[in-house]
Amino acid sequence: MVDFSRIRGEFPILDQEIHGHQLVYFDSSATAQKPRCVVAAESKFYETINAGVHRGAHELAARSTVAFEEARAKVAKLVGANSEEGQEEIVVTPGATGGLNMLATAFGNASLGRGGEAAKRFALKPGDEIVVSKAEHHSVLLPFQELAYRTGATLKWFDLTDDGRIRSDTADEVITERTKVVAVTHISNVTGAITDIAPIVKRAHEVGAIFILDACQSVPHLKIDFHKMDVDFAAWSAHKMYGPTGVGFLYGKRELLEALPPANFGGSMVELAWMDKPAEYMAPPERFEAGTQPVAQVVAAGVAADWMREIGMENLMAHERTITEELLKINDVPGFRVIGPVESKDRIGTVSFDVDGVHPHDVGQFFDAQGIAVRVGHHCAQPVHRHFGLFASTRASTGIYNTVDEARKVVEVAKKVRPFFKV
Ligand SMILES: Cc1ncc(COP(=O)(O)O)c(C=O)c1O
């Protein structure tokens with residue numbers, strides 16, 4: 001039995017009052033709080049082995065390189081990726097947004113002929129199709145929309161069910177022989193719905209398309225095995241999985257990473273550089289890691305990955321499900337409407353809602369006055385809000401530290417919102 005009250009005690013930030021109330025943090029979909037071991041790992045790195053990684057001739061550089069590569073292996077283990085030398089499938093990025101932009105830019109470079117014969121599988125031209133969904137975070141939608149504009153390819157998208165799930169059942173119609181890239185979210189950061197990706201992956205591969213997963217909201221909440229899921233690329237951020245800000249990861253099948261041209265150029269990614277001819281780039285993952293790496297953050301992200309695995313993703317999922325079930329009762333509060341599935345099946349505890357007659361910013365402030373942190377706005381996902389006839393919503397999202405009592409408090413406070421605003 002995992003003692004979740006002990007785990008909660010590992011988050012010092014939660015032990016404080018906000019506006020005279022015990023802080024209740026329900027904004028983990030934006031960013032998760034950090035356990036002591038993660039905070040300590042970052043400062044210990046700076047206090048003991050801080051140095052740039054790779055190529056250093058001195059002992060600190062050697063130690064920081066070992067710590068950096070060990071962290072990569074820990075992260076790989078969390079998501080079912082390879083991490084042996086020469087087989088690495090994890091690229092360090094500045095975050096999910098950075099990883100997704102990097103991919104779209106690399107595909108754009110391949111479309112310009114960069115990367116030679118091997119990179120042709122990523123090249124796009126007018127008539128080709130890129131498929132996303134209406135549930136995408138702007139971090140997926142915009143880079144791939146821009147890629148379509150740059151290459152002349154056509155952007156297509158999956159529609160959503162009434163409760164906001166991606167219509168995987170339409171994969172055979174949406175993805176055609178002309179589709180070259182499919183990029184969809186594993187879990188919407190608005191609806192909390194888990195996408196049934198299997199039919200989409202299968203169809204994408206049937207037509208020879210590359211399948212990219214936005215795993216930002218799934219790595220922190222689900223047991224993930226990218227090999228089993230057969231995804232080609234996946235991007236996520238460390239700060240949502242109890243790790244530091246400023247760093248994220250891109251998973252890529254090894255053979256694809258080897259064929260993909262780089263997107264960012266500079267130090268630490270090149271074998272040979274000349275004035276009068278193109279450089280020879282390093283093998284992945286270094287090829288995609290130009291510049292000085294955020295080593296302390298990567299090391300701390302590795303600690304976060306191990307910490308999650310020690311708790312056990314099944315335990316974490318079961319714990320969060322009980323809180324999600326409680327939170328979803330907000331749908332029964334008069335005037336409240338959950339934007340997304342109203343049952344806990346195949347969803348996580350990211351619960352967005354509309355309150356009839358009250359603006360989300362007012363709703364958020366009302367919760368804040370009670371010490372409850374929720375997020376308001378469009379959550380960088382405007383098309384999914386339009387699907388529900390909205391521009392913005394209020395979102396309560398769970399983390400490992402939340403309790404059923406806290407979820408009950410959210411529902412109790414919710415009942416007071418409309419009376420307070422005299423609706
Ligand atoms: C589903 C989803 N995708 C992508 C992102 C972008 O993540 P980041 O801002 O950490 O790059 C987020 C962050 O909210 C998200 O929830």
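Every number here is computed from the coordinates shown, using simple stated rules; none is lab data. Keep in mind that what you see is a predicted model, and the values were worked out from it rather than measured. Here the Cβ is made from the backbone with ideal geometry for all residues, glycine too, and neighbour counts use every protein chain on show.
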Using +1 on the beta carbon of Lys and Arg, -1 on that of Asp and Glu, and nothing else charged, what's the dipole of the chain about the Cα centre, debye to 20? 640
I'd like the distance separating the alpha-carbon centroids of the range 30-75 and the range 284-324, in whole Å. 13
State the dimensionless ratio Rg/Rh of the chain (Rg: radius of gyration of Cα atoms; Rh: Kirkwood radius). 0.99
Placing each pseudo-label 7 Å from Cα in the direction of the beta carbon, Asp196 and Lys125 end up separated by a distance in nanometres of 3.7
What FRET efficiency would be calculated for the residue pair Asp172, Arg337, taking the C-beta separation as r and a Förster radius of 41 Å, to the nearest 0.05? 0.80
Compute the acute angle (0 to 90°) between the alpha-carbon long axis of helix 360-369 and the principal axis of greatest extent of the alpha-carbon atoms of the chain; round to the nearest 10°. 70
Let's test the formula: R0 of 25 Å, r as the Cβ-Cβ distance of Cys37 and Arg408. What FRET efficiency results, to the nearest 0.05? 0.30
Relative contact order of the chain, please, whole-number percent, based on alpha carbon pairs below 8 angstrom and at least 6 residues apart. 22
Work out, step by step, the length gained on full extension between Glu271 and Ala369: first 0.36 nm times the residue separation, then minus their alpha carbon distance; give nm to one decimal. 29.7 nm
Taking Cα centroids, how far is the range 329-402 from the range 138-184 in Å? 25
What does the charge count around Pro284 come to, taking other residues whose C-beta lies under 11 Å from its C-beta (Lys +1, Arg +1, Asp -1, Glu -1)? -3
Here the residues of the range 208-249 lying in the modelled label zone of Thr292, meaning backbone nitrogen under 14 Å from a point 7 Å along Cα-to-Cβ, are none
In nm, to one decimal, how far is the modelled label at Ala30 from the one at Glu258, with both set 7 Å along Cα→Cβ? 4.4
Given a Förster radius of 60 Å and the C-beta distance between Glu59 and Glu206 as r, what FRET efficiency does 1/(1 + (r/R0)^6) yield to the nearest 0.05? 0.70
